[in-house]
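Worksheet: one structure, shown below.
The values are calculated or read from the model by the stated rules, or taken from the named source; none is laboratory data. Computed from a predicted model, the values in this text were never measured in an experiment. Every residue, glycine as well, gets a Cβ built from its backbone with ideal geometry; the counts of neighbours run over all protein chains shown. Please note that ligands, DNA and RNA were not included when accessible areas were found on the heavy atoms of the full protein model with its side chains. Shrake-Rupley method; radii C 1.70, N 1.55, O 1.52, S 1.80 Å.
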Amino acid sequence: GRQWSSVMLKVVPWVVLDFLEQDIPFLYSDTDIYFTQNPIQYFNHVVAESGWKNTIYSQVDGRVLQEDPTQCDQVYTFSKNKGGGKLCAGFVFFNAKNKEAKNLVYKWQQIIWTGGSKFYKNQPSFNEWVLQMQSWKKKEFRVDILECWRFPNGNRWNERYWGSFWRKWQKVCPLIVHNNWLKSAVQKKDKFIEWGMWKLKEGASKKPWK
């Protein structure tokens, strides 16, 4: 199963590029995400408000800021000592009206197959090309970081101490909850059930953000 999953992740850029080449904006989402609302309405509003200028809108796959656990940086970093973190390739909105979105995904597509073991998975290869394109300082290439309170990752939502502190201070329901930072499908399912986010018969009914 893990080998098949790795192969599937490697074809993500092909799927995204197929839509962008047709000038269709594309929201890529992992399957371990619970949607409390339809995020497309959010992106329609935010992207239109920015004049369709940003290239991508990405979740941050980072740790909780210890100086202010209820918030997250509006930047990202590879340092484990800061609150940003790498961009999450598992939840990204690609703006088809920005030409650099196609360039990014094309380069992502190349490096994921030719970059060797370091870039075998989609997230390291995705972040590598985001950094490369930022280094070229093209004004058309713009990265927008999604707010952590609307789009929390698994570390913010589930980390043993900070997760409960973070959830306590959230006054509104997030748009999504990304159940990453857990490895196995069994762990993810158990957490979804615990949080009341598993909508099959064994699912609970409580809503942990209230």
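Any residue at all in the range 137-146 that is in contact with a helix residue (DSSP H, G or I) (Cβ under 6 Å, 6 or more places away or on another chain), modelled with pLDDT of 80 or more and within 19 Å of V47 (Cβ to Cβ)?
In the first step, residues of the range 137-146 are kept if they are in contact with a helix residue (DSSP H, G or I) (Cβ under 6 Å, 6 or more places away or on another chain); the result is 140-141.
Checking the rest, the ones that are also modelled with pLDDT of 80 or more come to 140-141.
Okay, now just the ones that are also within 19 Å of V47 (Cβ to Cβ), so 140-141.
Yes - at least one qualifying residue is present in the range 137-146.
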>> I'm told V172 meets every condition in (1) buried (at least 19 other Cβ atoms within 10 Å of the Cβ); (2) modelled with pLDDT under 85; (3) β-branched (V, I, T) except one. Can you identify the failing condition by its number?
In response: (1)
>> Restricting to the range 28-42, and then to whatever is assigned to a loop (DSSP other than H, G, I, E, B) and over 13 Å from the mean Cα position of the chain (by Cα), can you tell me which residue is surrounded by the fewest Cβ atoms within 10 Å (Cβ to Cβ)?
In response: N38
> Would you pick out the residues in the range 112-134 that are modelled with pLDDT under 80 and of a type outside the set (V, I, T)?
Replying inline: W113, G115, G116, S117, K118, F119, Y120, K121, N122, Q123, P124
>> Looking only at residues that are farther than 22 Å from K99 by Cβ, open to solvent by 40 Å² or more (accessible area, probe 1.4 Å) and free of Cβ contacts under 8 Å to residues at least 40 places away in the same chain in the range 120-161, which one is nearest to the chain's Cα centre (by Cα)?
In response: P124
> Hey, does the range 96-111 have a residue that's closer than 25 Å to L182 by Cα and modelled with pLDDT of 90 or more?
Replying inline: no
